Structure formats: structure tokens, C-alpha cells
1. Is one or more of the residues making up the range 843-853 at pLDDT 90 or above, more than 27 Å from Thr579 (Cβ to Cβ), more than 27 Å from the chain's Cα centre (by Cα) and open to solvent by less than 30 Å² (accessible area, probe 1.4 Å)?
2. Looking only at the range 315-336, how many residues end up being within 28 Å of Glu173 (Cα to Cα), touching a Lys or Arg at 6+ places or on another chain (Cβ under 9 Å) and surrounded by 13 or more Cβ atoms within 10 Å (Cβ to Cβ)?
3. Scan the range 801-808 and give yes if some residue there is at pLDDT 75 or above, aromatic (Phe, Trp, Tyr) and open to solvent by less than 30 Å² (accessible area, probe 1.4 Å), otherwise no.
4. Six or more apart or on different chains, Cβ atoms under 6 Å: show the pairs whose first residue is in the range 173-193 and within 22 Å of Leu291 (Cβ to Cβ) and whose second is among the hydrophobic types (A, V, I, L, M, F, W, C) and open to solvent by less than 90 Å² (accessible area, probe 1.4 Å).
5. Considering only the range 36-52, state which residues are farther than 15 Å from Ala71 by Cβ and of a type outside the set (A, V, I, L, M).
6. Which pairs do you get when a residue that is free of Cβ contacts under 8 Å to residues at least 60 places away in the same chain, found in the range 344-369, comes within reach of a residue that is part of a helix (DSSP H, G or I) and of a type in the set (Lys, Arg), reach meaning Cβ atoms under 7 angstrom, with the pair 6+ apart or on two chains?
7. Only one of these is open to solvent by 20 Å² or more (accessible area, probe 1.4 Å), of a type in the set (Val, Ile, Thr) and in contact with a Ser or Thr (Cβ under 9 Å, 6 or more places away or on another chain): Thr706, Thr668. Name it.
Amino acid sequence: MLSTRPEAGQVLSDLQALRRSLHSGRSALRESFASKGRPRAMLAAHSRLVDATLRRAWRALAVPREAALLAVGGFGRGELFPHSDVDILVLLPPAPAPALQSKVEEIIARLWDLGLEVGHSARTVAQCAEEAERDVTVRTALLEARLIVGSRSLYRSFSDGTRGRLERQAFFEAKQLEQEQRHARYQDSPYSLEPNVKDSPGGLRDLQTLRWIAQACQFGRSWADLAARGFMTAGEAAEAARRERFLQGLRIRMHYAAGRREDRLLFDFQDMLARQMGFQPTLAKRPSEQLMQVYYRTAKAVTQLSTILSQNLAVALFPESQAQAQPLNERFCMARELLDVRSEDLFEREPRAILESFLLMQRHTELKGMSARTLRALWHARARMDARFRRDPVNRSNFLALLQQPRGIVHELRRMNQYGILGRYLPVFRRIVGQMQHDLFHVYTVDQHILTVVRNLRRFTMMEHAHEYPFCSGLMAGFDKPWLLYVAAIFHDIAKGRGGDHSVLGKAEARRFCRRHDVQPEDAGLVEFLVEHHLTMSAIAQKQDLSDPEVIRRFVETVQSERRLVALYLLTVADIRGTSPKVWNAWKGKLLEDLFRAAHRLIRGEALGSDQDIRAKQAEALRLLQLYGLSEGAQQALWSRLDVAYFIRHDAQDIAWQTRLLHYRADTQAPVVKARLSPAGEGLQVMIYTRDRPKLFAHICGCFGTIGFNIADARIHTTLHGYALDTFQVLGTGTVTHYRDMIALIEHELAGALAPDAPLPPPVRGRISRQLKHFPIQPEVHIRPDERGQYHLLSVVAGDRPGLLYNIARVLADCGIDLHTAKIATLGERAEDVFVVSGAALSNPREVLTLEQELLEILHA
């Protein structure tokens with residue numbers, strides 16, 4: 001507490017006035033930025049405002065003259081963002097007196113009182129030198145230190161003692177390693193849904209790192225300085241400055257929008273910031289999607305510039321490592337294990353060499369990358385890739401050759417995309433570069449998703465990855481032309497964001513590509529088929545009853561041949577795995593494989609659902625039961641109560657498992673609940689056997705939700721004597737991974753929930769995610785009779801949240817609707833569920849409308 005002495009009262013008055021002045025100055029800066037949008041001017045003005053505030057506070061508190069106050073870090077270079085920490089260093093003389101140390105503590109406390117969030121340290125010159133030697137972060141912060149107020153002689157001593165001792169090569173290597181580690185924290189990708197504008201790859205920190213290295217090595221402090229020294233061209237310097245201004249402006253707006261230091265471009269702010277920056281909604285894209293596309297392209301450009309400039313700086317810093325170039329052909333050579341052009345104007349003179357450079361990268365395993373000269377030449381020669389270039393038969397042949405090489409396909413496609421070559425050769429691809437997909441299950445931009453799908457397909461061809469998906473690897477080994485799958489992958493989502501059906505539009509683009517590249521008609525037909533139907537197999541596997549022979553027959557009518565079936569299956573698996581790590585699971589894999597095997601049998605002439613097929617299942621189930629020691633004929637106690645539909649819809653393993661558990665208690669009065677590790681390889685399979693009664697499915701859904709499990713699939717069967725024999729595939733939520741340990745809990749909790757007097761839990765109001773809050777999904781409910789008129793299909797699309805399935809089950813139960821099958825598909829934050837239902841209410845159009853309205857109400861809740 002301050003004393004009430006007059007001088008103390010004056011200090012307090014001065015500090016209060018200073019606080020008001022700082023607040024009003026910051027408000028004026030915010031208004032000025034909102035009207036003029038000049039980030040550099042705002043950052044410099046904010047730094048000057050804080051400088052002045054610190055000087056006045058320092059003097060008001062009468063800090064002894066032998067100390068000095070320095071700005072460090074971003075504040076030191078005059079770039080102070082609205083809510084960034086004010087990084088300061090209180091420089092102390094050798095052996096500072098206790099009174100001085102006490103005064104330092106006082107001023108730091110007063111600065112917080114003023115409303116400054118200070119990041120501070122107090123050290124002597126010797127201590128600064130020691131810290132800088134040990135820690136590259138400290139060394140970097142001190143590199144930009146500048147004097148605000150206090151002893152100039154002490155500051156000169158500090159400058160001489162820290163900057164003069166810097167080892168240039170060691171600093172370069174340390175900053176490069178630091179950047180690699182930082183990039184690794186963000187999965188080496190700038191294409192996050194909510195990127196960190198400061199620290200993500202391609203963010204502000206990448207540009208700052210380059211300037212730190214340049215400054216430490218005395219090459220210059222600005223992009224113009226580096227251009228003057230020949231490290232970058234004038235155009236590249238202008239490009240770097242422009243990209244830096246965009247990122248700075250975006251970060252300033254993020255701080256103002258959040259009211260705090262927030263460097264992540266969160267969903268909460270994306271649309272608001274996009275509108276502030278002038279983006280307007282179109283029929284195909286939200287403002288936020290347009291903003292994110294510009295951001296991703298900016299991050300991509302920053303990465304390109306960073307690669308070129310880093311290589312050029314390394315050449316200057318490590319001249320002794322420059323070995324003699326080894327010629328590869330008359331146009332290219334290898335220098336320092338990098339592909340180098342033999343003349344800087346190569347691509348301008350011979351545009352055909354552009355695609356040739358990537359072919360050489362694939363064919364020469366000794367090459368580790370491209371030199372800065374090559375990358376710069378590629379970047380500047382992009383404009384030569386015009387319509388004439390794309391019509392050139394040599395270029396068309398080279399592009400197909402890129403897709404047919406035994407190695408390096410994904411690496412070079414990604415390199416081509418990074419440097420704008422792929423989009424120049426395929427203008428339709430250029431349109432989707434950096435395009436975000438706010439469908440809540442894709443976590444990559446469209447171009448990155450496409451290249452990830454190509455990567456997944458490539459992994460099916462590699463022996464070292466055969467253990468991941470052995471079935472896919474086996475199919476790919478027998479496929480005659482894998483490169484056709486890569487073409488289909490490139491085009492399968494290429495029409496995203498145009499409006500309309502992207503599968504149909506993409507098919508037309510694929511047809512044009514195949515025609516221009518002289519792809520044989522049969523192969524071209526396969527590519528077009530794959531692009532048009534790349535969602536078909538996934539939709540059928542996850543939404544339709546695969547035990548129904550009619551479903552399989554209709555699918556085979558679409559596929560038509562074994563070659564198309566294999567290709568579609570491989571593309572579908574690669575596509576789902578390429579959307580998000582959270583979307584793929586073993587259960588979806590099993591559904592796709594089951595559909596593939598059933599279709600494959602039908603294509604080869606085998607019957608599905610026939611008496612012979614059922615007898616084969618029963619024979620296999622009996623063989624398995626004999627392994628468990630079940631006596632001959634014991635199965636009849638249960639099987640005599642099961643109809644043909646049961647044997648059609650269950651495989652031999654499930655039949656044997658359930659028979660072994662139920663053959664001696666087919667008429668039990670107590671519920672039987674048994675769980676086991678799912679044969680699919682993930683989650684649990686749960687069997688429930690009890691007297692059927694109204695609202696049974698709702699009770700089961702409520703119990704699973706209470707103990708933290710999601711239902712992935714439900715097979716509801718009623719025996720001939722009125723028992724429910726239901727089978728569920730369930731997956732844990734959150735961190736549930738030790739499924740074996742959960743079996744006893746599930747069996748105990750479900751048995752209690754199925755007691756005759758157990759009440760239904762109240763409706764659940766689950767909390768929706770931030771993503772769903774900002775990118776809501778319009779709920780859809782459709783009820784229609786199936787093709788035979790025996791049942792109805794209920795389709796539900798909604799944003800996923802806890803309790804969703806239980807609330808649907810409650811409505812169905814209250815309306816007297818019986819459930820026969822549930823196919824639960826969760827794609828990220830999006831739920832797409834299909835139920836096979838029956839009930840008297842479904843024959844009355846008015847009651848169907850009422851049911852739809854009630855379901856929509858709980859989906860909106």
C-alpha cells in the first residue's frame with residue numbers, strides 16, 4: 001500500500017492519470033485500425049504508446065539512474081500486438097543494492113496496476129550473457145533489445161557483452177531446430193481447422209525466424225536488406241512483406257475480437273473476422289471459408305519463401321559444405337544432394353523441364369530436395385504453364401509418368417502443390433487449393449485431403465505398410481493399374497465448393513482429363529465411375545442392411561464388374577481414412593469389407609440369402625459349437641424359436657456365440673446380457689436377450705449413454721416366442737480404450753436397466769461442441785416405405801451430441817414405433833442414422849407428419 005504522504009499521493013495521482021492515458025490511447029489505436037486497417041502502423045504506434053507509458057512510470061517512481069529498462073522480444077522490435085505481453089528487461093548494475101532491487105519489484109507491480117501485462121526479468125549484464133549462452137530463446141529475445149529509459153552506458157555494456165559473442169552458424173542451426181520442433185507440435189501442417197496464426201507452419205513466427213537469423217548474422221533487418229544482399233529477389237521481398245502484413249492484420253483483429261491474447265483462428269471468430277475484412281457470402285462459400293482459403297494460401301506462400309531464403313542463408317553461412325555439382329543431364333545437376341538447374345532461366349527457355357524436374361526427383365533416390373535456385377525458378381516460371389503448355393503431348397506424357405513411377409509419387413505431388421505447379425497444370429485443382437470444408441468431419445483443406453487419399457492408396461502398394469490394412473494391400477497387389485486410382489483420387493473431390501453435386505461435376509472433369517491424356521476408354525470409364533460413385537459404397541455400408549440380398553444386388557448392378565468393385569473399395573477406404581483420424585474406425589472397416597465380400601460373391605455367381613446359404617451358415621455355426629463341447633442337437637432349444645430372417649442377418653460366428661450362451665435358457669425370465677470384444681477389432685459386441693416389451697430400445701440407449709458408450713450398429717430381432725434378441729456394436733467415448741475391463745460394467749448396468757420396473761431416464765440435453773455451434777447442421781428427418789412395403793425407413797441427419805440417439809428412441813417409443821435395425825453413422829460432428837421401423841402409425845400420413853415434427857423438435861433442442 002502507498003503511504004498517505006504528499007509525495008506518495010502525487011505518485012498515485014500520476015499513475016492514475018497514466019492509466020487513463022494508456023487506456024484512451026489504446027482505444028484510439030483500435031478505432032484507427034478499424035477505419036484504416038494498417039497493421040504495421042498500429043503495431044509501431046502501440047509500441048510507442050507503451051514506451052511513453054513506461055518512461056513516465058519509471059520517472060514517477062524515481063528508479064535510480066544506474067539501472068536501465070529495455071524492451072525485448074516483439075516489443076523490442078516495435079511490434080506490440082493489442083494483448084501481447086509487454087516483454088521488458090530491467091538491466092541492473094553489478095552487485096545491485098537491496099534498495100534498487102526493492103524498487104524494481106515496486107515498478108513491476110505498478111506496471112500491472114497500469115493495465116500492462118508485463119513479461120519481465122531483472123538481470124545484470126553478466127547474467128544476461130550467461131542466460132544467452134544456455135538458451136537460444138533468451139538469445140533471440142535479447143537480440144532485439146532496445147533501450148527505453150535509464151543508463152545508456154549500462155545499455156552499451158549490455159550490447160557489447162551479448163551481441164558480440166553470438167556464434168552465427170550455431171545460432172542458425174539452433175533456430176532451424178527450434179522451428180522443426182515447433183512445426184512438429186502442429187503436425188508439420190498449416191492446414192488446421194483452427195490454425196495458430198503466430199506459431200503454426202507458415203505463420204508469423206516463420207517469418208520472424210528468418211529475420212532473426214538475418215539480423216544475428218548481420219545480413220540485414222528487413223526484407224529489403226535481404227534483397228539488396230542477394231538472398232531474395234525484390235519480388236520475393238515484396239511478397240514476404242505483403243504476406244506478413246496480412247498475418248499481422250489478422251492477428252490484431254483476433255486479439256481485439258477475443259479481448260485477450262488469442263493467436264488461434266478459432267471458429268468463434270472466423271466468420272466475424274471474415275466480414276470485417278470484407279468477405280461476403282456467396283452461393284457456394286461462407287465468408288469464413290473464403291478467409292480461411294486466403295489464410296492457407298498465405299501460409300503456403302510463407303513456407304515457400306522460408307524454404308528458399310533458409311537455403312540461401314545456409315549457403316552463405318556454410319560455404320565449406322559446398323561440393324562440386326554432379327551433372328544429371330544437360331539441364332539439371334545435383335549440388336549438395338539437391339536438384340539444381342544448370343541455368344536460372346531454364347524453365348523460361350524450356351518449359352517442358354518443369355515437369356521433368358519432378359520426374360528426376362522420383363528417379364534419383366540420392367536427391368534429398370530441390371535447391372533454392374530451382375525452387376525460385378519454378379516459382380517464377382509458373383506463368384509459362386498456360387493452355388499451350390497443357391496441350392503439349394510431352395507435358396501430358398510426363399504428368400502421367402509422374403503417377404506411374406515406383407516411388408516418390410506423393411512426395412512430388414505435394415511438392416508440386418506447394419509451389420503452385422499442380423494447380424497450374426490442373427486449373428480445376430487450383431480452385432480448391434486452401435479450400436476448407438466446414439462439414440465437421442473433414443479436418444483438411446480439399447487439396448490436402450485429396451493428396452492424403454493418394455497417400456493412403458500408395459501405402460496399399462508398399463510392403464512396409466502391408467500390416468496396416470492387409471486385405472487392402474492384397475487387393476492392390478492384384479490390381480493391374482494402380483495409377484488409375486490415383487487419378488480418381490485427384491478428381492474425386494475436385495468440384496467441391498461449386499454448388500451442385502460435386503461427384504457429377506467431378507466426373508465431367510475426370511472425363512476431360514482422360515480424353516486429353518489419351519487414357520484408354522475402358523480405363524477412362526473406370527476413373528469416371530470411381531469419381532461419380534466415390535460415396536456410394538460408404539453410404540450403403542453405413543446406412544443399409546447388408547444382410548438384405550436386395551441391397552447387395554442393387555449395389556452389384558451399380559458396380560457391374562469385379563475390377564470396379566476392387567477399385568471402388570480401395571478408393572473408399574482411402575477416402576474415409578483421409579477425412580480425419582477420428583472418422584475411421586474398425587467397425588466402419590468391417591462394414592465395408594462385409595459389403596465387398598458379399599458383392600464379390602454375387603459377381604462370381606454365388607447365391608445370397610438362399611436356403612443353401614443359410615444351411616452353410618448353420619453348418620459352420622455347428623462346427624464352432626462343437627469346438628466348445630456343445631452336444632449334438634442342443635442348439636434346437638434356441639434355433640426352433642428363430643425364423644429365417646435371423647439366420648440371414650447374422651453370420652456363423654454370431655450365431656454360434658449366441659447359441660452357446662442361450663441354448664439352455666431360451667425361456668429365461670431374467671434378462672441375459674453378455675458382451676465380448678468386437679470381432680471387428682474395436683469396441684464391444686453386446687447381446688441382450690429378454691422378453692420383448694414397449695420402449696425396450698429406449699431403455700438400452702439410455703443405459704449405454706449413461707455409462708459412456710456410443711451405439712455404432714444395432715440388430716433388433718424378435719423370436720417366434722416373443723423374446724428380444726438384440727445385438728449392438730458399441731464404441732467408447734473419450735478415452736475409453738480398455739474395452740475388456742468394461743465388459744462386467746456393461747453387463748451389470750444393462751441388466752439393471754432392463755428390470756421390469758426400471759423407469760426411463762429423462763430426456764438428455766447434451767452440450768453441443770464449439771464446432772457445431774458455429775457451423776450448425778440443419779436437422780433432416782425422412783420417413784418412407786421400403787421397396788417391399790413391409791417396413792419403413794427413417795433417416796435422420798443432425799449435429800451429433802450426447803443423448804441424441806436416446807432422445808430419438810424415446811420419441812419412437814412414445815409413438816408406438818417398433819425398431820428392427822439401426823445403422824448409426826457418426827462423421828465427426830455429424831450424425832447420419834438410418835432406422836428400419838414398423839408400426840400402425842406409419843400407415844397414417846397425418847401421424848407420420850406428427851412423428852417427423854416431434855423428431856425435428858428434439859433434434860433442434
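The values are calculated or read from the model by the stated rules, or taken from the named source; none is laboratory data. Fair warning: this is a prediction, and the values are worked out from it, not measured in the lab. Note: ideal-geometry Cβ built from the backbone for every residue, glycine included; neighbour counts use all protein chains shown. The area values use the complete protein model at the heavy-atom level, side chains included, leaving out ligands, DNA and RNA. Shrake-Rupley method; radii C 1.70, N 1.55, O 1.52, S 1.80 Å.
1. Yes, the conditions are met somewhere in the range 843-853.
2. Going through the range 315-336, the residues within 28 Å of Glu173 (Cα to Cα) turn out to be 315-326, 333-336.
Retained after the next criterion (residues that are touching a Lys or Arg at 6+ places or on another chain (Cβ under 9 Å)): 315-317, 321-323, 325, 333, 335-336.
Among the residues that remain, those that are also surrounded by 13 or more Cβ atoms within 10 Å (Cβ to Cβ) are: 315-317, 325, 333, 335-336.
Matching residues across the range 315-336 total 7.
3. Step one: list which residues in the range 801-808 are at pLDDT 75 or above, which gives 801-808.
Those still in the list that are aromatic (Phe, Trp, Tyr) too: 806.
Remaining after also requiring open to solvent by less than 30 Å² (accessible area, probe 1.4 Å): 806.
Yes, the conditions are met somewhere in the range 801-808.
4. From residues that are within 22 Å of Leu291 (Cβ to Cβ), the pairs are Pro190/Ala299; Leu193/Val443.
5. Step one: of the range 36-52, the residues farther than 15 Å from Ala71 by Cβ are 36-42.
Once the filter is applied, which keeps residues that are farther than 15 Å from Ala71 by Cβ and of a type outside the set (A, V, I, L, M), the range 36-52 yields Lys36, Gly37, Arg38, Pro39, Arg40.
6. Here the result reads Glu344/Arg373; Phe347/Arg384; Glu348/Arg384; Pro351/Arg384, each pair linking the range 344-369 to a residue that is part of a helix (DSSP H, G or I) and of a type in the set (Lys, Arg).
7. On the way: Thr706 fails: in contact with a Ser or Thr (Cβ under 9 Å, 6 or more places away or on another chain).
Exactly one of Thr706, Thr668 is open to solvent by 20 Å² or more (accessible area, probe 1.4 Å), of a type in the set (Val, Ile, Thr) and in contact with a Ser or Thr (Cβ under 9 Å, 6 or more places away or on another chain), namely Thr668.
Every residue, every condition in (1) without any contact (Cβ under 8 Å) to a residue 60 or more places away in the chain; (2) touching a Leu at 6+ places or on another chain (Cβ under 6 Å); (3) assigned to a strand (DSSP E or B); (4) surrounded by fewer than 12 Cβ atoms within 10 Å (Cβ to Cβ), yes or no:
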residue: Ala712; (1), (2), (3), (4): no, yes, yes, no
residue: Leu725; (1), (2), (3), (4): no, no, yes, no
residue: Phe728; (1), (2), (3), (4): yes, no, yes, no
residue: Asp741; (1), (2), (3), (4): yes, no, no, yes
residue: Ile746; (1), (2), (3), (4): no, no, no, no
residue: Glu749; (1), (2), (3), (4): yes, no, no, no
residue: Pro759; (1), (2), (3), (4): yes, no, no, yes
residue: Pro763; (1), (2), (3), (4): no, no, no, no
